[in-house]
Amino acid sequence: MQHTLQITAAKPDPALLSLPWDIPLEDWPTEVLAALPRGISRHVVRFVKLGDQVIAVKEIGETVAFSEYELLRQLSRTDVPSVEPVGVITGRKDKNGERLEAVLITRHLAFSLPYRSLFSQNLQPDTATRLIDALTVLMVRLHLIGFYWGDVSLSNTLFRRDAETFAAWLVDAETGQLHPQLSNGQRNYDIELARTNIIGELMDLQAGEFLDEEEDVIEIGNQLLRRYHELWDALHDVETFDAEETWRVATHIEYLNSLGFDIDELEMTTDIDGTTVMIQPKVVDAGHHSRRLMHLTGLDVQENQARRLLNDLESYRAATERQNDEIEFVAHDWLAGVFEPTIRAVPRELRKKLEPAQLFHEILDHRWFIAEQQQRDIPMSEVVESYVDNVLRNRPDEQAILGLLPEEAHLQD
Amino acid sequence: MATVTYDHASRIYPGTERPAVDQLNLHIEDGEFLVLVGPSGCGKSTSLRMLAGLEDVNQGRIMIGDRDVTDVQPKDRDIAMVFQNYALYPHMTVADNMGFALKIAGTPKEEIRKRVEEAAKILDLSQYLDRKPKALSGGQRQRVAMGRAIVRQPQVFLMDEPLSNLDAKLRVQTRTQIASLQRRLGVTTVYVTHDQTEALTMGDRIAVLKDGLLQQVGTPREMYDTPNNVFVAGFIGSPAMNLGTYKIDNGVAQIGETRLPITRDAVAGLTDADNGQITIGFRPESLDIVSAAEPAALAVQVNIVEELGSDAYVYGTLKTGEGEQDVIVRVNPRSAPDKGEFINVAIKPGHEHVFSPSTGARLATI
Ligand SMILES: Nc1ncnc2c1ncn2[C@@H]1O[C@H](COP(=O)(O)OP(=O)(O)OP(=O)(O)O)[C@@H](O)[C@H]1O
Ligand SMILES: Nc1ncnc2c1ncn2[C@@H]1O[C@H](COP(=O)(O)OP(=O)(O)OP(=O)(O)O)[C@@H](O)[C@H]1O
Ligand SMILES: [Mg+2]
Ligand SMILES: [Mg+2]
């Protein structure tokens, strides 16, 4: 019978055809694989080198492959962080004509850290808390656009450094559904499942001795519940205040901005005699700072990185005494005169250890650190040199954490 | 353990006019395995999600046992969505993989061990309890996942197309396993599938939905032998029932040259709206090969013969007078006809199903 491999993709890359689709994914030769860390999964998932990029390939039933692909495409049209779908391949057969499972292909999220590798790296003790916070924001953002995840877990989330915190990305949309709006039942079920899964995953880390036995993992799971409700309520609750205190509208909006959300629509009502005003956000949108930075500089970075960069832009504006200039012009000069030269000053081969915005963030931290030490203002060029020699050289490569040799790739299963 | 009752339960999605589930009335007995089946978009998942608490109920109510759960949050309903997530934890033993949710709930250690051991016995996993999941086969891993739901001892198991992810062979195996396991556990189960074969082989009873409306509920045998309407008749059974609408005159239906007498009761059920016509259905296996001389003989031209080992099916064309109708006939594979040939078939006496063309409803039978 004729071999009829089918690729469904928005922009099919002919290089895909060169991969050994007639071999079960589990048996793919190590030459084509990229040994990057993965979370736990039921399906066979492999990272594969394709030209100068890396793709993630998952063997999965055909119907599910197409529905996950479609859902990821819909998500990629929103600004909620999720992995980018590349395509679905069906009609695979092996050399003997036996049918092989369909695959879903996504672009490997560079600089992403599965939670297991974060824990095996011995980071700060409150890592778990910061991961939970990141996941909370992701869940709230997904729920705001009507996405019911159906299988929230640390394994189904990827983490990227975001200044001193983390940003969470959705990686597994297999059980997801996009609705115009979610019911409370759907949200609560998602949160409850997230709690159970997270606690289970952390218990597993304890069993594997990656996480301290003393750590109260149930409390960490409960924390997700609390944080989620705090954030959701802040974004939806009605605020009531005296009609004289209208300045509180602005304060409330600033507060929501500080949580990283923009208010696109606000409902304001008064009681009958007009002495009390009630406001309630109607349409909220995450990514306040990253949108603002994008607008000013074209840099596409995560929320807290953006916050940090915007702060630096503000200090630059003050230092150059340009408070009266249009912020757009100042931003342009800051980008060309501060941000870009700083990144360029880092030797090229070390740049791939961290995202540019994360590098910049760490360099700012380092500047503060050595300035404290030496009790003087240190020029940026000197800061970068010191940072590169004392910090960056000793860090693992996070664009592609090559903690494992390709032939050891199977060890993580 | 408990019964489940949908009492005039409706779900209208915001921004839509027609209910996705319309006034559903369904009573599920304690320990029963009920399958919700129907074509894509018929509302089966919505019905299940209403029971799970994932979808608001806009009208009517849902009861689990004597308790009205219409407004109860999912986690407080004492139900388990099986197979929703069954990633196994590599560093934990099989026993811990099964019992960790109980540990979270603060269940005492001995109680957890007891429930896990009981579940493992039923699932045939006893000797693996202290091993790591790595040592398990695919099927065993899936049973561990099932074990997670079992140890929680919920009142109701809910499953939404749990086999859709498996290849055809494993699907058939797993479906028998789930069905027999459910019978041993005796936990009330609601199972959603679009596959009528799956429904027929697994369910104690089957509920067929279409366009949000319950069409019929009954045992697999009832659904197969006495479908309530044309839709159920065509949906249940594979290959599907042959269905056609013909002229009826003085109690005799006219199929091409052939005249088929219809019972008085059935004819009495027809109305003016039926316009002197009647819908007749006959299953592929309800046809006998007869000689052309037989008065009830229907001449079928053979298009394709599908050989399935023990059976063979003829896919052919029947001239009906008004036009042509595709029909399927089960034949003995040893004497299967050739393509292009004509065969003569007659409906086995009493094996026809008759329906009103205007309403689709079954007419009183023979
Ligand atoms: N595009 C990607 N970029 C980076 N990592 C990825 C990507 N796709 C998958 N992964 C990694 O592979 C792991 C498994 O992928 P995924 O969760 O999609 O598999 P799965 O078998 O569907 O999982 P589950 O058992 O939860 O259903 C993830 O946890 C993640 O670490
Ligand atoms: N969130 C939603 N908002 C609006 N309409 C919806 C929503 N979910 C489902 N529907 C509609 O409700 C109807 C029933 O959907 P449901 O998913 O229950 O069907 P189903 O029988 O499970 O179908 P399938 O086999 O395709 O999953 C369909 O017409 C569907 O388009
Ligand atoms: Mg996953
Ligand atoms: Mg998955």
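Worth a mention:
- For the pair segment A:51-78 / segment A:25-39, the C-alpha centres are spaced 18 Å from each other.
- The GluC sites (Glu not before Pro) of segment A:176-230 that meet both conditions, a loop assignment by DSSP and at most 16 other Cβ atoms within 10 Å of the site Cβ, are A:E209, A:E213, A:E214, A:E215.
- Once the C-beta distance of A:V238 and B:N58 is scaled by a Förster radius of 22 Å, the resulting FRET efficiency is 0.35 to the nearest 0.05.
- Carbon/sulfur fraction of accessible area - segment B:85-207, other protein chains in place, 1.4 Å, %: 50
- Peptides A:380-386, A:287-293, A:344-350, B:21-27, ordered by how many other C-beta atoms sit within 10 Å of their residues on average, highest first, read A:287-293, B:21-27, A:380-386, A:344-350.
- For chain B, with +1 on Lys and Arg beta carbons and -1 on Asp and Glu, the positive-most of B:G309, B:T271, B:A233 along the dipole: B:G309
- Here segment A:31-165 is described by how far its Cα atoms reach on the three principal axes: 52, 36, 27 Å, from widest to narrowest.
- Relative intensity, log₁₀ I(q)/I(0), of segment B:242-355 from a Debye sum that treats every alpha carbon as a point, q = 0.17, 0.20 Å⁻¹: -0.79, -1.04
- Qualifying GluC sites (Glu not before Pro) for segment A:291-346 [loop in DSSP, other Cβ within 10 Å: at most 10]: A:E321, A:E326
- For B:V192, residues with placed amide H under 5 Å, excluding near neighbours: B:L36, B:M159, B:D160, B:E161
- Mean-position separation - Cα centroids, segment B:289-325 and segment B:239-288, in angstrom: 17
- Whole-number D in µm² s⁻¹ for segment A:113-235, Kirkwood Cα-pair radius fed into Stokes-Einstein, 25 °C, 0.890 mPa s: 169
- Nonlocal amide H pairs with B:D68, under 5 Å, H built at 1.01 Å: none
- Cα shape, segment A:64-124, gyration tensor, a/c 1.5 rule: oblate
- As an equivalent ellipsoid, the protein assembly as shown spans semi-axes of 58, 31, 27 angstrom, where each value is the square root of five times an eigenvalue of the C-alpha gyration tensor, largest first.
- Residue mean of other protein chain beta carbons inside 10 Å, A:185-191: 6
- In segment A:237-286, the portion of solvent-accessible area held by carbon and sulfur atoms comes to 50 percent [1.4 Å probe, whole percent, DNA, RNA and ligands not counted].
- Mean per-residue shielding of peptide B:149-158 is 0, counting Cβ atoms of other chains within 10 Å of each Cβ.
- Each 10 Å bin from 0 upward holds the following percent of the Cα-Cα pairs of segment A:6-108: 14, 50, 31, 4, 0.
- Structural size metrics of segment A:237-286, computed from C-alpha coordinates, are Rg and Dmax of 11.1, 35 Å.
- Its alpha carbons give segment A:201-340 an Rg and a Dmax of 21.0, 64 Å.
- Partner chain coverage, peptide A:197-207 - average Cβ within 10 angstrom: 5
- Proportion of all alpha-carbon pairs of segment B:46-115 beyond 18 Å (%): 53
- Proximity of backbone amide H atoms, modeled 1.01 Å from N, is registered between B:L298 and B:V345, B:A346 at under 5 Å, excluding neighbours fewer than 5 places apart on the same chain.
- Accessible surface, per residue, of chain B when the full set of protein chains is kept, probe 1.4 Å, Å²: 46
- Note on B:K319: lysines with a C-alpha under 17 Å away, same-chain residues under 8 apart excluded, are B:K247, B:K339.
- Evaluated over the Cα positions of segment B:84-179, the convex hull gives a direction-averaged projected area, one quarter of its surface, of 6.3 nm².
- Cut-off of 10 Å, at most 14 other beta carbons, DSSP loop: longest stretch of chain B lacking such trypsin sites (Lys or Arg not before Pro): B:132-338
- Centre separation in Å (Cα based) which lies between segment A:149-194 and segment A:310-351: 35
- Chain B - Debye-derived log10 I(q)/I(0), Cα point model, q = 0.11, 0.12, 0.14 Å⁻¹: -0.86, -0.96, -1.13
- Distribution of pairwise C-alpha distances over segment A:89-153, 5 Å bins, in %: 3, 12, 14, 14, 16, 12, 10, 8, 6, 3, 0
- Anisotropy class of chain A from Cα gyration tensor, a/c 1.5 cut: oblate
- From phi via Karplus (6.51, -1.76, 1.60), per-residue ³J(HN,Hα) for segment A:136-143 in Hz, x at Gly/Pro: 4, 5, 4, 5, 4, 5, 5, 5
- Helix-only [θ]222 nm of chain A, DSSP H runs n ≥ 4, -39500 (n - 2.57) each, per residue, nearest 500: -13000 deg cm²/dmol
- Stokes-Einstein D in µm²/s, Kirkwood radius over Cα pairs - segment B:105-253 at 20 °C with 1.002 mPa s viscosity: 118
- Once C-alpha pairs closer than 8 Å and six or more residues apart are averaged by separation and normalised to the residue number of segment A:6-108, the relative contact order reads 32 percent.
- Couplings 3J(HN,Hα) for segment B:88-99, derived from phi with the Karplus relation 6.51 cos²θ - 1.76 cosθ + 1.60 (θ = phi - 60°), are 8, 8, x, 8, 9, 5, 4, 4, 5, 4, 7, x Hz, where x marks Gly and Pro.
- As an equivalent ellipsoid, segment B:1-100 spans semi-axes of 29, 17, 13 angstrom, where each value is the square root of five times an eigenvalue of the C-alpha gyration tensor, largest first.
- Helix-only mean residue ellipticity at 222 nm for chain B, each DSSP H run of n ≥ 4 adding -39500 (n - 2.57), per residue, nearest 500: -7500 deg cm²/dmol
- Each residue of segment B:329-337 was assigned a 3J(HN,Hα) from its phi angle through the Karplus expression (A = 6.51, B = -1.76, C = 1.60, θ = phi - 60°), giving 10, 7, 10, 6, x, 6, 10, 5, x Hz with x at Gly and Pro.
- Overall dimensions of segment A:318-370 by Cα: Rg and Dmax, Å: 13.1, 40
- Accessible area buried at the B-A interface, both sides summed, 1.4 Å probe (Å², nearest 100): 2600
- The order of A:D242, A:D271 by accessible area, most exposed first and with a 1.4 Å probe, is A:D242, A:D271.
- Between B:N228, B:N165, B:N58, the Gaussian network model of chain B with springs among Cα atoms under 10 angstrom shows the greatest mean-square fluctuation at B:N165.
- List B:E307, A:E267, ordered by accessible area with a 1.4 Å probe, largest first: B:E307, A:E267
The values are calculated or read from the model by the stated rules, or taken from the named source; none is laboratory data. The model shown is predicted, which means the values in this text are computed figures rather than measured ones. Every residue, glycine among them, receives a Cβ derived from its backbone with ideal geometry; neighbour counts consider all protein chains shown. Heavy atoms of the whole protein, side chains included, go into the accessibility calculation; ligands, DNA and RNA do not. Shrake-Rupley method; radii C 1.70, N 1.55, O 1.52, S 1.80 Å.
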